[in-house]
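Notes follow the structure.
The values are calculated or read from the model by the stated rules, or taken from the named source; none is laboratory data. The model shown is predicted, which means the values in this text are computed figures rather than measured ones. Backbone-built Cβ (ideal geometry, glycine too); neighbour counts: all protein chains shown.
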Amino acid sequence: MSNYLIETNGLIKSFGNFKAVNGIDLKVPKGEIYGFLGPNGAGKSTTIRMLLGLIKPTQGMVQLFGRPLKSNRLDILKKVGSMVESPSYYGHLSAYENLNITRKILELPKSEVDRVLQVVRLTEVKDKLVKKFSLGMKQRLGIAQALLGNPELLLLDEPTNGLDPSGIHEIRDLIKRLPFETGMTVLVSSHILSEVELIADQVGVIQKGEMIFQGTLQDLRVKGSSTLIIDANPMERALVHIEQMGYTVQVRDGRLYIPEQTVDPAEMNKKLVMNNISVRHLSEHRDTLEEIFLSITREDLKR
Ligand SMILES: Nc1ncnc2c1ncn2[C@@H]1O[C@H](COP(=O)(O)OP(=O)(O)OP(=O)(O)O)[C@@H](O)[C@H]1O
Ligand SMILES: [Mg+2]
């Protein structure tokens, strides 16, 4: 058996002749937190829906716990908790009553409702009607529902949607604890890298239905580039010298930019000074993870 708790092969979902998901090979290791990233419309929710058997793949295969979802659906889904996009509730019932309905369907003890309310910190408002809940409270209720029965696999589609910064922080801490405390495997989707950056072991980046990166955050970081930024006087002569050294230079806002090349900053400084060029500023800019993410997904909104 493979070590992946979720594995898909060439997963495709077409709506008419539009491919919302186009050949995804998802590989989520057991006991880890996997950040499923992509801009709006990339195909995250569609993929997650296929993982849950809520919609049928047009082509390709989904394996959960090393078994094809198609032939073991009910058995497998007993071990999976999920929240996909905005969860739906009975607004005229309280949080407790909503959870209790799901609890009964799953044939779990009553104590489970109290436990999950506690985990998402909704115990104090458990008797309030859900229609009076704020967006953040509804989001927590969705997570509580997903946690009922302590599933081995948790799929959360944009769980921090609509939360304020402290809410985001709290949910992040909550998700981070799960693999440690319960051995749970978690897939969490987001369109913001920084939301999963602090908790994910692995990330998959999807854009226009295709996986454009899958691996560790460290592997993603390596994809970034660095730029040397120089402010020198006289600039014209600096420009000529740097070009003579064989580098490509761009001039922007009165500064020189040497992109995507391995330049030793100390060596560069020395050469310019030796040629009677004074260097007022010299710095190296490394792409942040967010910049790398944005640059590989920049095409997104054209779809
Ligand atoms: N039932 C459907 N019929 C037709 N097109 C659909 C359907 N569901 C999704 N799509 C399209 O598939 C693409 C992917 O949608 P999906 O909801 O999976 O994106 P997403 O990554 O979850 O985006 P977001 O970050 O906005 O939630 C979009 O272009 C969307 O319009
Ligand atoms: Mg979505």
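May I ask you to say which residue of H241, H281 is part of a strand (DSSP E or B), in contact (Cβ under 8 Å) with a residue 24 or more places away in the chain and not aliphatic (A, V, I, L, M)?
Criteria check complete, one pass: H281.
Kindly list the number of the only condition in (1) among the acidic types (D, E); (2) touching a strand residue (DSSP E or B) at 6+ places or on another chain (Cβ under 8 Å); (3) at negative phi; (4) at pLDDT below 90 that fails for D201.
Of everything listed in (1) among the acidic types (D, E); (2) touching a strand residue (DSSP E or B) at 6+ places or on another chain (Cβ under 8 Å); (3) at negative phi; (4) at pLDDT below 90, D201 misses just condition (4).
For Q214, only one of the following conditions fails: (1) closer than 30 Å to N17 by Cα; (2) touching a residue at least 60 places away in the same chain (Cβ under 8 Å); (3) not β-branched (V, I, T); (4) not assigned by TED's automatic domain parsing to the domain that holds I192. What is its number?
Every condition holds for Q214 apart from (4).
How many residues does the stretch 36-52 hold that are surrounded by fewer than 24 Cβ atoms within 10 Å (Cβ to Cβ), touching a helix residue (DSSP H, G or I) at 6+ places or on another chain (Cβ under 8 Å) and under 22 Å from F65 (Cβ atoms)?
Qualifying residue count, the stretch 36-52: 1.
Being among the hydrophobic types (A, V, I, L, M, F, W, C) and either modelled with pLDDT under 95 or within 16 Å of ligand 2 (Cβ to nearest atom) (or both) is the filter here, so list the residues in the stretch 77-100 that pass it.
Correct list: L77, M83, V84.
Could you check I192 against (1) surrounded by 20 or more Cβ atoms within 10 Å (Cβ to Cβ); (2) under 17 Å from the mean Cα position of the chain (by Cα) and say which number it fails?
Exception for I192: condition (1).
Keeping to the stretch 80-101, report how many residues are among the aromatic types (F, W, Y) and assigned to a helix (DSSP H, G or I).
Here the count works out to 1.
Restricting to the stretch 38-64, give me the number of residues that are over 16 Å from L74 (Cβ atoms), in a loop (DSSP other than H, G, I, E, B) and more than 16 Å from the chain's Cα centre (by Cα).
Looking only at that region, the number is 3.
So which of K104, K138 is over 24 Å from I175 (Cβ atoms) and either part of a helix (DSSP H, G or I) or polar (S, T, N, Q) (or both)?
K104
Please give the number of the condition G136 fails out of (1) more than 18 Å from G81 (Cα to Cα); (2) more than 21 Å from the chain's Cα centre (by Cα); (3) of a type outside the set (D, E, K, R).
The one condition G136 does not meet is (2).
Let's see how each residue does on (1) touching an Asp or Glu at 6+ places or on another chain (Cβ under 9 Å); (2) more than 22 Å from S190 (Cα to Cα); (3) of a type outside the set (A, V, I, L, M):
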site: V28; (1), (2), (3): yes, no, no
site: E32; (1), (2), (3): yes, no, yes
site: A42; (1), (2), (3): yes, no, no
site: L52; (1), (2), (3): no, no, no
site: Q59; (1), (2), (3): no, yes, yes
site: L64; (1), (2), (3): yes, no, no
site: R67; (1), (2), (3): yes, yes, yes
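Among the numbered criteria (1) of a type in the set (S, T, Y); (2) exposed (fewer than 12 other Cβ atoms within 10 Å of the Cβ); (3) under 37 Å from the mean Cα position of the chain (by Cα), which one does T288 miss?
Going through the list (1) of a type in the set (S, T, Y); (2) exposed (fewer than 12 other Cβ atoms within 10 Å of the Cβ); (3) under 37 Å from the mean Cα position of the chain (by Cα), T288 breaks only (2).
Residues in the stretch 65-79 that are part of a helix (DSSP H, G or I) and either of a type in the set (A, V, I, L, M) or within 16 Å of ligand 1 (Cβ to nearest atom) (or both): how many?
3
Which one of T262, T227, T160 is assigned to a loop (DSSP other than H, G, I, E, B) and surrounded by fewer than 21 Cβ atoms within 10 Å (Cβ to Cβ)?
Selected residue: T262, the only one of T262, T227, T160 that is assigned to a loop (DSSP other than H, G, I, E, B) and surrounded by fewer than 21 Cβ atoms within 10 Å (Cβ to Cβ).
Looking at T248 and the list (1) surrounded by 14 or more Cβ atoms within 10 Å (Cβ to Cβ); (2) in a loop (DSSP other than H, G, I, E, B), which single condition is not satisfied?
Going through the list (1) surrounded by 14 or more Cβ atoms within 10 Å (Cβ to Cβ); (2) in a loop (DSSP other than H, G, I, E, B), T248 breaks only (1).
Any idea which residue in the stretch 14-31 is farthest from the chain's Cα centre (by Cα), counting only those that are more than 10 Å from ligand 1 (Cβ to nearest atom), buried (at least 16 other Cβ atoms within 10 Å of the Cβ) and of a type in the set (D, E, K, R)?
Step by step, filter the stretch 14-31, then rank; the result is K30.
Could you grab me the full set of residues in the stretch 163-189 that are surrounded by fewer than 17 Cβ atoms within 10 Å (Cβ to Cβ) and either among the aliphatic types (A, V, I, L, M) or over 16 Å from the mean Cα position of the chain (by Cα) (or both)?
Of everything in the stretch 163-189, those that are surrounded by fewer than 17 Cβ atoms within 10 Å (Cβ to Cβ) and either among the aliphatic types (A, V, I, L, M) or over 16 Å from the mean Cα position of the chain (by Cα) (or both) turn out to be D164, P165, S166, R177, F180, E181, T182, G183.
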